[in-house]
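The block underneath contains the structure these notes are about, expressed in C-alpha cells.
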Number of protein chains: 4
Amino acid sequence: MNHPVHVGLIGSGFITAIHAEALKRCSDAEITAVASPTKGNAADFAKKHNIGHHFTDYRKLLEMDEIDLVVIGIPNDVHCQVVLDAAAAGKHIVLEKPMCLNLAEADRMLDACRKAEVKFMYAEELCFTPKYVRMKQLLDSGALGAPVLIKQSEKHDGPHAPHFWDVNRAGGGVTMDMGCHAVEFFRWMLGRPPLKSVYAQMGTHVHSAKTQGEDNAILILEFANGVTAVAEESWTKLGGMDDRAEVHGSKGVAYADLLHGNAIETYSAAGYDYAVEKAGSTVGWSFTIYEEIWNYGFVDEMAHFVDCVKHDKQPIVTGDDARVVMEALFAAYHSAGTGQKVMLPFNTTAAKPIDLWKKAQ
Amino acid sequence: MNHPVHVGLIGSGFITAIHAEALKRCSDAEITAVASPTKGNAADFAKKHNIGHHFTDYRKLLEMDEIDLVVIGIPNDVHCQVVLDAAAAGKHIVLEKPMCLNLAEADRMLDACRKAEVKFMYAEELCFTPKYVRMKQLLDSGALGAPVLIKQSEKHDGPHAPHFWDVNRAGGGVTMDMGCHAVEFFRWMLGRPPLKSVYAQMGTHVHSAKTQGEDNAILILEFANGVTAVAEESWTKLGGMDDRAEVHGSKGVAYADLLHGNAIETYSAAGYDYAVEKAGSTVGWSFTIYEEIWNYGFVDEMAHFVDCVKHDKQPIVTGDDARVVMEALFAAYHSAGTGQKVMLPFNTTAAKPIDLWKKAQ
Amino acid sequence: MNHPVHVGLIGSGFITAIHAEALKRCSDAEITAVASPTKGNAADFAKKHNIGHHFTDYRKLLEMDEIDLVVIGIPNDVHCQVVLDAAAAGKHIVLEKPMCLNLAEADRMLDACRKAEVKFMYAEELCFTPKYVRMKQLLDSGALGAPVLIKQSEKHDGPHAPHFWDVNRAGGGVTMDMGCHAVEFFRWMLGRPPLKSVYAQMGTHVHSAKTQGEDNAILILEFANGVTAVAEESWTKLGGMDDRAEVHGSKGVAYADLLHGNAIETYSAAGYDYAVEKAGSTVGWSFTIYEEIWNYGFVDEMAHFVDCVKHDKQPIVTGDDARVVMEALFAAYHSAGTGQKVMLPFNTTAAKPIDLWKKAQ
Amino acid sequence: MNHPVHVGLIGSGFITAIHAEALKRCSDAEITAVASPTKGNAADFAKKHNIGHHFTDYRKLLEMDEIDLVVIGIPNDVHCQVVLDAAAAGKHIVLEKPMCLNLAEADRMLDACRKAEVKFMYAEELCFTPKYVRMKQLLDSGALGAPVLIKQSEKHDGPHAPHFWDVNRAGGGVTMDMGCHAVEFFRWMLGRPPLKSVYAQMGTHVHSAKTQGEDNAILILEFANGVTAVAEESWTKLGGMDDRAEVHGSKGVAYADLLHGNAIETYSAAGYDYAVEKAGSTVGWSFTIYEEIWNYGFVDEMAHFVDCVKHDKQPIVTGDDARVVMEALFAAYHSAGTGQKVMLPFNTTAAKPIDLWKKAQ
C-alpha cells in the first residue's frame, strides 16, 4: 500500500475519541470518515477532529471504497453485526474490547473475517502499554526467572455511558468491561500458554440500584505452565483510575503502576481542570497524569495496527485471542455462579456471560 | 497484681528473640526464665538477654511459682501439649501463631484454659501493627464508607528453621505460616463478622525439592456482611519481606505498605549490615527499615498482653479467635484440593490442614 | 536516683502537649506539675493530662523540691529568664528549640547551668527520630562512603501561635523556627565537625501581611570536613507537614521521608478527623500518618533525657549544641541580608537574628 | 516546504544517537547525512542508523544542498565554529546544550544566525519532557497559585566521554553539563522573567583525580518576579540517573520525578541488560525505566524543531535563551569563587566559566 491507511471510525464516544487522537499521531494513517447512529454525533465528531465524511449509518461508511480499515468502538451487543458487515465490505477491522456477547457470535465473526481475508485485530491496549511492554521484556530476558504469579488490576468508580450498566447490552459488569484486559494481558505477558482453569468471585456491592452487573470481581486463573494469575477489577474505587501489574518469578519480581506510579504529586487549594480519568475533584492532593493516551499504549497500538494494514503484517493480538478471552470470561461467570473452579476449554451456548452467574445463584 | 508481670519464655528461636526484645520495652514486665529443649540454647539465650533462669525442660519453667505468664514460640506440632501443661500449671498464656495442628487440639486447648481460668492470648501482631491500627481507625470512623474489599499479603523467600518446611510439624506451608495472619487481620479489621466461605489456590512452585507444603497461596474469603477478602502469601518472593494491606470501601480506599512504604531508600556500593528481614544482599538499591519490631506491632502487642495480665483485662485477640483462624485454614486447604469454595462453619477431623489439599488432589 | 524522675512542665501549648504525651510513655518519668501564665491554661492542661499540680507562675513550680527536671516549651523571648531561674533552683533542664534570642543570652544560660551543675539538654528531636537514627547508622557504618552532600527540609503552611509571627518574640521567621532543626541535624548526622560557612536566601512570599519574618528560606552550609549541607524551610507549603532528609556519599545515597514516605495513602469522599500535622482537609486523597509523636522522635527523646537525669548520663544534645545552632542562624540572617557567604565563627551583638537581615537590606 | 525536512547530524556520540532515534520517530524528518571527525565513526553510525551519507569533515555535510537542518551534538569547545559555518551554509541549526564556552562566542553565533536568517534552536529537552510540560500547564492554569520556589536537579555518577572531564573543552564541570538544564527549565517554567541574581556552591568531592571541574553544585537563583529557584547537580550520585523538579506556589505544590517516579520497581537475582542511564548493576533492586528517550522529551523536542523548519514557525527555545543560560552560568562560577550573590546582568570577558571560580579561589 503506497498511500496512508484510510481509516473509518465506527462510534463517536469516549473510546473513539481516544482512537482518533491516537490515529492522528500515526504518520501512516488518515481518518477518512466517522459513523455514529445518534443524529448529530458523527457530524460533531467529524468537525472536532477535522474528518472529511460522517454518517449516521455505518453501512454508508463501509460503502466508501477508499477506506482500508475500520476501527470499531461501540456497545458490545452490536459488535458482531458490524464486524460481519465490515468483513463483507472487505475492510480490515480493529475491534475494541470485549469481543462480543457470546461464543456463537465470536465464531461467526472469526469465520467471516477469515473468509473475507481481512485482518481482524483486537484492540487490547495493554499489549502496547509502554511500561508493560518493558515489563514483558524483563520477564522474557530471564531477569525474573520462571514466572510463578502474575497480577493485573484495573479500578475506577464506574463507566459513564449507560450501555455499560445494562447487562443486556454489555453482557456482564466489570469483568466484561475490564477483566477482559487482564485475561489478555496475562496471556500476552506469558507467551500465550493454554489456560487451564478460572475461578471468580463477583459481587454488586455499591451500584445495585443501577445495574445487575457485578461492580467488583476477583479472578484466579491457572495456566498450563503452572503460573497462577490474579485479576482484580472494580467499578467502585474512588479517586481516579488505577491500573497496576506485578510479575513474580523464581528469580525476581517486578511491580508496575501506571497511574500513581507515574503521576506528578500535586496539592492544589484552587483545583484544576483534570488530573486523570475519573479522578473526581482536583482540590487537595491529586495524582496528575500526563500524556495519558500514550502512557496507556493507545498510540503504539494504533501505530501497530496501521502498520499491519499498510505492510500486510501479522498483528500481535487478533480476533483469535479475543475469542480465548471470551471463553475465559464465560468460565469466570460460571465459576462465580457455582463457587467452583472451571476447567478449560469451556463451551457454552449461553447468550451472554452474566447469565451463567445469575442462573446458578 | 502489684509487681511487674513475670514472664517465662518457652522457645529460643527467631520469634522468641523478638518476644524478648518487645518485652524488654514493657515497663510492667520482667523476663524471669527461658526454656528450650536443645542443649545450650536456653543458656545462651538467657545470657544474651540477661534472664535469670533457663531450662531445657519447659515443665521446670512451669513449676516456677513466680511466673505469671508464659509466651510460647515453638513449632506448631508442640503447641497443644505445652498449652495444656501451662494451663494446668495456672499460667496465663501468649501463644504464637498459628494455633496448633487441628481442630481437636484447638478444642482441648480452649477447654483447658477455660477450666484453669487462665487467659489464652493469641499473638497475632497485625492487630497491633501501628500502621494497621490507624487503618482500622480510618475504617471505623466512616472515612472509607462501608467496606467492600479487604486485602492483606505477606511475602518473603521462605523461613529459616527446618520445622516450617516439614508439613508433619507445621501442618502446611505458607498458608499455615502466613495466611493465618491475613485471616485474623481481616476479622479484626472488620469487627469480626462471621466467615461465610473460603476459596484457595495453592501451589509449590519453587521449593518442591524442600517441602511438600505450598510456597504460594491466594485465598478469597467472604464474610457474612458481604465483604470480600483476598490474602496473598508467598515463600518465594525475593528482595526482602513484603507486608501490605488495602481497605476498599464505598466512600474511599486506604493503602498501607509496612516495608517499602516506610523504608529509607538506600543505594550502597559498599553494602551494609542489614536492610530488612530476609533482604538478601544490601549492595545496590535496598529499602532500609528501622525499628522493625515496633513497626510490626510486637512492642504494642506484648504491652497489651502484659497489661491484660497485670490488670486482669480482656485481651483483644484470644484463643477463640485463633480457633476461627484454624477453621478457615482447614477450609482453605480443602478448597485448594477440591477447586471449590468451602462454606463455613467447616468441621473436619483431619489431623492437619495440608492433608485436605493432598488427599483431594 | 531510685524514684521516677519528677518532671515539671513549663508551658501548656502545642509542644508541651507533645512533651506530656511523650513523657507518659517513659516508665521512669512522672509529670508532677505544669505552669502556664494565662489564667486557666495550666489548670485545664493538668486536668486533661492528670497532673497533680498547676501554677500560673512558673517560679512556684521551681519552688517544688520534688521536681528533678523541667521541660520548657514557651516563646523564644522568655527562654533565657526561665532557664536562669530553673538553674538557680537546681533543676535539670530540657529546653525546646531554638535556644533563645541572641548570643549574649545563650552565654548567660550556659554559664548559669554550668555553675548550678544542672544538665542543660536541648530538645532537638531530629536526633531521636527513628528513621533518621537509622540513616545515621547507615552513614556511620560506611554504607554510603564519605559524605558529600546532606539535605534536610521541613515545610508546612505556618505556625498557629501568634508569637511565632512576631519577630520581636521569635527572633526571626521560619529559619528560627525550623531551620534550627536542620542545622543541628546536619551537625549530629556528620559527627559534629566545625561549621565553616553559611549562606542563606530568605523571603517573605505569602505571609507579608502577617509577619516581618521570612516564610521561606534556603540555607547552604559548609563543614570543615568539606561536606555541603542544604536546608530548606517553608511556612507556605500547603497539604500538611513535610520532613525529609538525604545523605549523599562517595559510595551511596540514602533518602528518608518522614511523612509521605511513611503514610497510609487514603482516599476519602467523607473526610475524617486528622491526617497529619497541618494537613488541612481530609476529603479526597490524603497521606494519613500514625503514631506521629513516636515517628518524629519525641518519645525516644524524652526517654533519653529522663534516663540522663535518672542515671546521671551525658545527653547526646546539649545547650552547647544549641549555642552553635544560634551562631549559625545569626550567620544565616546576616548572609541573607548581605548576599554573601558568612564564615564561622561569627560573633555578633545583634539583639535577635532577623535584625541582621533587615538592617542589611 | 513540501518535502520531509532533511537533517544532517554533526557528531556521532551518545547524544547524537539519541537525536537520531528521536528524529526517526518524526514523520516529517529524514536523516540525510552524518559527520564525525574520528575515522570510521560516521560510517559506523550511518550504517547502524541507515543513513545515506557520512563524512569525517562536517563541512562536506554543510555543502550538501538538500540538507535543511543540522543537529549538532559535539564537545562544547567546537560549538561556535560549527554554528558559524552552518549559518554561513544557510542551514537551520539545532544546537545541543550548553551553548558554547563564553559570551563572545555566544554573540558571534547569534549574530551569524541572524544575518544568515537561519533558525537557531537550542536543544533544551526539559522544555519538552512530557511530565514537566504537564507541570507547567498546572502552574499556568493557576492550580498552584503564584510561584514561590522552583527546584530542579539532575544527578548521575559522571559522564562517559573524556571531553566532559577536560575543563578546557567543557568550560566547567557539572554546572556547565547539567546546571544549564536547570537554568533554562526555570526560565521556561516561569514564563522567562528576567534573572536577578545567582549564588552557587561548588566542589570537587569525588573526582578530583580526574578533573578540575566541580562534581557537585548547588545554585540559588532569584528572578525579577520574586521567585527563588534551586538547582542541584551532581556527577557523584550512584545508582542511576536522577531528574526531579518541584514547583511550590501560594496555593499548592507539585512534585515530578522522572526516574524513580516512573520506573518499574524490579528485583532480579539474575540481573538484566539495562535499567536506566548510568544505573550500574541490575542485580538486586533496580528502577527499570522504559521509553527513556520519549520520557525525557527528546522525541517531542525533535518533532517541534522539525515542525519549525518545515512550517517556518518560531521555536519555543532559541539561541537567545541559550545566551541567557550562559550568562547565568558565568555568574554561578563567579559566585562560587567569591562566595557572593552575583547580580544580573553579568558581563565578563572570561574565556570559559570555570575560570571565574578558579581565579577567585
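The values are calculated or read from the model by the stated rules, or taken from the named source; none is laboratory data. Worth saying up front: this structure is predicted, and the values here are computed from it rather than measured. Here Cβ is always computed from backbone atoms with ideal geometry, including for glycine, and neighbour counts include all displayed protein chains. Surface accessibility is based on the protein's heavy atoms, side chains included, excluding ligands, DNA and RNA. Shrake-Rupley method; radii C 1.70, N 1.55, O 1.52, S 1.80 Å.
Can you confirm whether region B:323-340 contains a residue that is within 14 Å of chain A (Cβ to nearest Cβ), in a strand (DSSP E or B), at pLDDT 95 or above and on the phi < 0 side of the Ramachandran plot?
As a first pass, look at region B:323-340 and keep what is within 14 Å of chain A (Cβ to nearest Cβ): B:331-332, B:334-340.
Restricting the remaining residues to those that are in a strand (DSSP E or B) gives B:340.
With at pLDDT 95 or above added as a condition, the list becomes B:340.
From what's left, on the phi < 0 side of the Ramachandran plot: B:340.
There is at least one residue in region B:323-340 that is within 14 Å of chain A (Cβ to nearest Cβ), in a strand (DSSP E or B), at pLDDT 95 or above and on the phi < 0 side of the Ramachandran plot.
When region D:189-247 is examined, which residues are found to be assigned to a strand (DSSP E or B) and of a type in the set (S, T, N, Q)?
First pass over region D:189-247, keeping only residues assigned to a strand (DSSP E or B): D:195-203, D:216-223, D:228-234, D:242-247.
Answer for region D:189-247, where residues must be assigned to a strand (DSSP E or B) and of a type in the set (S, T, N, Q): D:Ser197, D:Gln201, D:Asn216, D:Thr228, D:Ser234.
Quick one: in region A:207-221, which of the residues that are surrounded by fewer than 24 Cβ atoms within 10 Å (Cβ to Cβ) and either within 21 Å of B:Glu222 (Cα to Cα) or touching an Asp or Glu at 6+ places or on another chain (Cβ under 6 Å) (or both) is farthest from the other protein chains (Cβ to nearest Cβ)? Walk me through how you get there before you give the answer.
Within region A:207-221, the first condition is being surrounded by fewer than 24 Cβ atoms within 10 Å (Cβ to Cβ), and the residues that meet it are A:207-212, A:220.
Retained after the next criterion (residues that are either within 21 Å of B:Glu222 (Cα to Cα) or touching an Asp or Glu at 6+ places or on another chain (Cβ under 6 Å) (or both)): A:207-208, A:212, A:220.
On the way: A:His207: 10, A:Ser208: 11, A:Gln212: 16, A:Ile220: 5 Å.
In this case the residue turns out to be A:Gln212.
How many residues are surrounded by fewer than 23 Cβ atoms within 10 Å (Cβ to Cβ) and either within 19 Å of the chain's Cα centre (by Cα) or part of a loop (DSSP other than H, G, I, E, B) (or both) if we restrict to region C:285-294?
Result for region C:285-294: 5.
When you scan region B:95-108, do you find a residue that is farther than 24 Å from B:Val299 by Cβ, assigned to a loop (DSSP other than H, G, I, E, B), of a type in the set (S, T, N, Q) and in contact (Cβ under 8 Å) with a residue 24 or more places away in the chain, even just one?
Pass one, region B:95-108, residues farther than 24 Å from B:Val299 by Cβ: B:100-108.
Those still in the list that are assigned to a loop (DSSP other than H, G, I, E, B) too: B:100-102.
With the extra rule that they be of a type in the set (S, T, N, Q), the set shrinks to B:102.
From the residues that got through so far, the ones that are in contact (Cβ under 8 Å) with a residue 24 or more places away in the chain too are B:102.
Yes, region B:95-108 contains at least one residue that is farther than 24 Å from B:Val299 by Cβ, assigned to a loop (DSSP other than H, G, I, E, B), of a type in the set (S, T, N, Q) and in contact (Cβ under 8 Å) with a residue 24 or more places away in the chain.
Table: residues versus (1) within 11 Å of chain A (Cβ to nearest Cβ); (2) in contact with a Lys or Arg (Cβ under 7 Å, 6 or more places away or on another chain).
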{"residue": "C:Gly239", "(1), (2)": "yes, no"}
{"residue": "C:Val253", "(1), (2)": "no, yes"}
{"residue": "C:Glu265", "(1), (2)": "yes, no"}
{"residue": "C:Glu277", "(1), (2)": "no, no"}
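Kindly indicate whether any position in region C:138-153 is surrounded by 24 or more Cβ atoms within 10 Å (Cβ to Cβ), over 19 Å from the mean Cα position of the chain (by Cα) and part of a helix (DSSP H, G or I).
Looking through region C:138-153, at least one residue is surrounded by 24 or more Cβ atoms within 10 Å (Cβ to Cβ), over 19 Å from the mean Cα position of the chain (by Cα) and part of a helix (DSSP H, G or I).
Taking the criterion of being basic (Lys, Arg) and within 14 Å of chain B (Cβ to nearest Cβ), would at least one residue in region C:161-179 satisfy it? Show your work before the answer.
Start the filter on region C:161-179 by keeping residues that are basic (Lys, Arg), which leaves C:169.
In the following step, the residues that additionally are within 14 Å of chain B (Cβ to nearest Cβ) were identified as none.
Checked region C:161-179: no residue is basic (Lys, Arg) and within 14 Å of chain B (Cβ to nearest Cβ).
Just to be sure I understand, how many residues within region A:154-185 are in contact with an Asp or Glu (Cβ under 8 Å, 6 or more places away or on another chain) and among the aromatic types (Phe, Trp, Tyr)?
So the count comes out to 2.
With respect to the numbered conditions (1) in contact with a helix residue (DSSP H, G or I) (Cβ under 7 Å, 6 or more places away or on another chain); (2) open to solvent by 10 Å² or more (accessible area, probe 1.4 Å), which one is the sole condition not fulfilled by C:Tyr132?
In the conditions (1) in contact with a helix residue (DSSP H, G or I) (Cβ under 7 Å, 6 or more places away or on another chain); (2) open to solvent by 10 Å² or more (accessible area, probe 1.4 Å), C:Tyr132 misses (2) alone.
Show the residue pairs meeting these rules: Cβ distance below 7 Å; 6+ apart or different chains; first residue within region A:316-328 and surrounded by 20 or more Cβ atoms within 10 Å (Cβ to Cβ); second residue of a type in the set (Val, Ile, Thr).
Close Cβ pairs (under 7 Å, with a partner that is of a type in the set (Val, Ile, Thr)) amount to A:Val325/A:Val183; A:Ala328/A:Val183; A:Ala328/A:Val198.
Of all helices (runs of 4 or more DSSP H) completely enclosed by region A:1-93, which ones contain at least 1 residues that are over 27 Å from A:Arg108 (Cβ atoms)? Show your work before the answer.
Numbers: elements: A:14-24, A:41-49, A:58-63, A:79-88.
Because the criterion is at least 1 residues that are over 27 Å from A:Arg108 (Cβ atoms), the helices (runs of 4 or more DSSP H) in region A:1-93 that meet it are A:14-24, A:41-49.
Might you check whether a residue that is among the hydrophobic types (A, V, I, L, M, F, W, C) and either closer than 30 Å to A:Asp307 by Cα or open to solvent by 30 Å² or more (accessible area, probe 1.4 Å) (or both) occurs anywhere in region D:107-115?
Restricting attention to region D:107-115, the residues satisfying the condition of being among the hydrophobic types (A, V, I, L, M, F, W, C) are D:109-110, D:112-113.
If we keep only those that are either closer than 30 Å to A:Asp307 by Cα or open to solvent by 30 Å² or more (accessible area, probe 1.4 Å) (or both) too, we end up with none.
Looking through region D:107-115, none of the residues is among the hydrophobic types (A, V, I, L, M, F, W, C) and either closer than 30 Å to A:Asp307 by Cα or open to solvent by 30 Å² or more (accessible area, probe 1.4 Å) (or both).
Quick one: count up the residues across region C:1-58 that are open to solvent by 80 Å² or more (accessible area, probe 1.4 Å) and aromatic (Phe, Trp, Tyr).
1
Checking C:Val324 against (1) in contact with a His (Cβ under 9 Å, 6 or more places away or on another chain); (2) closer than 30 Å to C:Leu23 by Cβ, only one condition comes out false. Which one?
The failed condition is (1).
When the residues of region B:74-101 are narrowed to those that are of a type in the set (Gly, Ala, Ser) and crowded, with 23+ Cβ neighbours inside 10 Å, which ends up farthest from B:Gly13 (Cα to Cα)? Show your work before the answer.
Taking region B:74-101 and keeping what is of a type in the set (Gly, Ala, Ser), we get B:86-90.
Remaining after also requiring crowded, with 23+ Cβ neighbours inside 10 Å: B:86-87.
Values: B:Ala86: 19, B:Ala87: 23 Å.
Per the criteria, the residue is B:Ala87.
Only residues that are without any contact (Cβ under 8 Å) to a residue 24 or more places away in the chain and at the interface with another protein chain (Cβ under 9 Å from one of its Cβ atoms): list them for region A:279-306, please. Outline the logic, then answer.
Of the residues in region A:279-306, the ones without any contact (Cβ under 8 Å) to a residue 24 or more places away in the chain are A:281-285, A:291-292.
Those that are without any contact (Cβ under 8 Å) to a residue 24 or more places away in the chain and at the interface with another protein chain (Cβ under 9 Å from one of its Cβ atoms): A:Ser281, A:Thr282, A:Val283, A:Gly284, A:Trp285, A:Glu291.
Could you grab me the full set of residues in region B:341-361 that are assigned to a helix (DSSP H, G or I) and surrounded by fewer than 18 Cβ atoms within 10 Å (Cβ to Cβ)? Before you say what the answer is, go through the steps one by one.
Just the residues of region B:341-361 that are assigned to a helix (DSSP H, G or I), to begin with: B:353-360.
Once the filter is applied, which keeps residues that are assigned to a helix (DSSP H, G or I) and surrounded by fewer than 18 Cβ atoms within 10 Å (Cβ to Cβ), region B:341-361 yields B:Lys358, B:Lys359, B:Ala360.
Being in contact with a Leu (Cβ under 8 Å, 6 or more places away or on another chain) and among the β-branched types (Val, Ile, Thr) is the filter here, so list the residues in region C:309-348 that pass it.
If the condition is that a residue be in contact with a Leu (Cβ under 8 Å, 6 or more places away or on another chain) and among the β-branched types (Val, Ile, Thr), then C:Val309, C:Val324, C:Thr348 are the ones that fit.
Would you check which residues across region D:182-206 are open to solvent by less than 10 Å² (accessible area, probe 1.4 Å), out of contact with any Lys or Arg (no Cβ under 6 Å at 6 or more places or on another chain) and under 17 Å from D:Thr318 (Cβ atoms) and list them?
D:Val183, D:Glu184, D:Phe185, D:Phe186
Return the total of residues in region C:241-251 being in contact with a Phe, Trp or Tyr (Cβ under 8 Å, 6 or more places away or on another chain), away from chain A (no Cβ under 14 Å) and open to solvent by 10 Å² or more (accessible area, probe 1.4 Å). Step through it out loud before you land on a result.
We begin by selecting, within region C:241-251, every residue in contact with a Phe, Trp or Tyr (Cβ under 8 Å, 6 or more places away or on another chain); these are C:243-246.
Of the ones still in play, those that are also away from chain A (no Cβ under 14 Å) are C:243, C:245-246.
Among the residues that remain, those that are also open to solvent by 10 Å² or more (accessible area, probe 1.4 Å) are: C:246.
Number of matching residues: 1.
Only one of these is within 29 Å of A:Tyr296 (Cα to Cα) and of a type in the set (A, V, I, L, M, F, W, C): D:Ala217, D:Ala209, D:Ala256, D:Ala200. Name it. Step through it out loud before you land on a result.
On the way: D:Ala217 fails: within 29 Å of A:Tyr296 (Cα to Cα); D:Ala209 fails: within 29 Å of A:Tyr296 (Cα to Cα); D:Ala200 fails: within 29 Å of A:Tyr296 (Cα to Cα).
Of the residues listed, the single one that is within 29 Å of A:Tyr296 (Cα to Cα) and of a type in the set (A, V, I, L, M, F, W, C) is D:Ala256.
Which of (1) over 26 Å from B:Gly240 (Cα atoms); (2) of a type in the set (Gly, Ala, Ser); (3) open to solvent by 10 Å² or more (accessible area, probe 1.4 Å) is the odd one out, the single condition A:Gly261 does not satisfy?
(1)
Restricting attention to region C:164-178, does a residue exist that is over 18 Å from C:Tyr333 (Cα atoms), among the basic types (Lys, Arg), surrounded by fewer than 24 Cβ atoms within 10 Å (Cβ to Cβ) and more than 13 Å from the chain's Cα centre (by Cα)? Break it down stepwise before answering.
Going through region C:164-178, the residues over 18 Å from C:Tyr333 (Cα atoms) turn out to be none.
The answer is no; no qualifying residue exists.
Condition test on C:Asp273, is it open to solvent by 10 Å² or more (accessible area, probe 1.4 Å) and more than 8 Å from every other protein chain (Cβ to nearest Cβ)?
Working: open to solvent by 10 Å² or more (accessible area, probe 1.4 Å): yes; more than 8 Å from every other protein chain (Cβ to nearest Cβ): no.
Considered against the rule, which asks whether it is open to solvent by 10 Å² or more (accessible area, probe 1.4 Å) and more than 8 Å from every other protein chain (Cβ to nearest Cβ), C:Asp273 comes out as no.
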